[in-house]
Amino acid sequence: MSLEQTACEDILVDLKAFERRLTEVIACLHPSTTRWRIVLAVVSLCVATGASQWIFDPETRVVSLSQSLSNHPFFILSTVILIIILLLGVHKRVIAGSIITSRTREVLRDFNMSCDDTGKLILRRRPANVT
């Protein structure tokens, strides 16, 4: 076995290990991403429901804003919860997998490679030398 063949085999082993680890990381993010999407959807739905109740309330036009808001604690509570979870960065956790894959693609571009959304490596052809 020549030195070049063993070097190529070592590179292939490293690439396979990197690919396995990348797919593992992305697969592990999927359950938490789904949970945070559900939480964000439920809280957004609560805000929308509370807002519609507040807007369509006939007393809203008659009373002051503070009195109108105090008449609709569900809207206030759900809005506060939505603001808190957005300040805590839930919107970033929802797209964590795509953030990791896009950053990985950026780095792999230097090595003439890419990856799909599941983390599988994509080897690209070498560009033809233009002289």
Exercise for the section: Take segment 60-79 and flag every residue that is assigned to a helix (DSSP H, G or I) and surrounded by fewer than 11 Cβ atoms within 10 Å (Cβ to Cβ). Expected result: R61, L65, S66, P73
Handout entry: Unique residue being surrounded by 12 or more Cβ atoms within 10 Å (Cβ to Cβ), under 25 Å from R125 (Cα atoms) and modelled with pLDDT of 90 or more when the list is L82, L108
Key = L108
Practice task
Can you confirm whether segment 11-20 contains a residue that is surrounded by 11 or more Cβ atoms within 10 Å (Cβ to Cβ), of a type in the set (D, E, K, R) and outside any helix (DSSP H, G or I)?
Solution key: no
Handout entry: Residue check, S98 surrounded by 12 or more Cβ atoms within 10 Å (Cβ to Cβ), at pLDDT 90 or above and of a type in the set (G, A, S)
Key = no
Exercise for the section: Might you let me know whether segment 106-119 holds any residue that is outside any loop (DSSP other than H, G, I, E, B), farther than 20 Å from V47 by Cβ, touching a residue at least 40 places away in the same chain (Cβ under 8 Å) and among the aliphatic types (A, V, I, L, M)? Expected result: no
Handout entry: Residues satisfying the stated conditions in segment 70-85, i.e. among the aliphatic types (A, V, I, L, M) and over 20 Å from R37 (Cα atoms)
Key = I76
Exercise for the section: Inspect all residues belonging to segment 7-19 and state whether any of them is in contact (Cβ under 8 Å) with a residue 24 or more places away in the chain, touching a Gly at 6+ places or on another chain (Cβ under 9 Å) and on the phi < 0 side of the Ramachandran plot. Expected result: yes
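The values are calculated or read from the model by the stated rules, or taken from the named source; none is laboratory data. Everything quoted here is computed from the prediction, not taken from an experiment. Note that we place each Cβ from the backbone using ideal geometry, even for glycine, and neighbour counts take in every protein chain shown.
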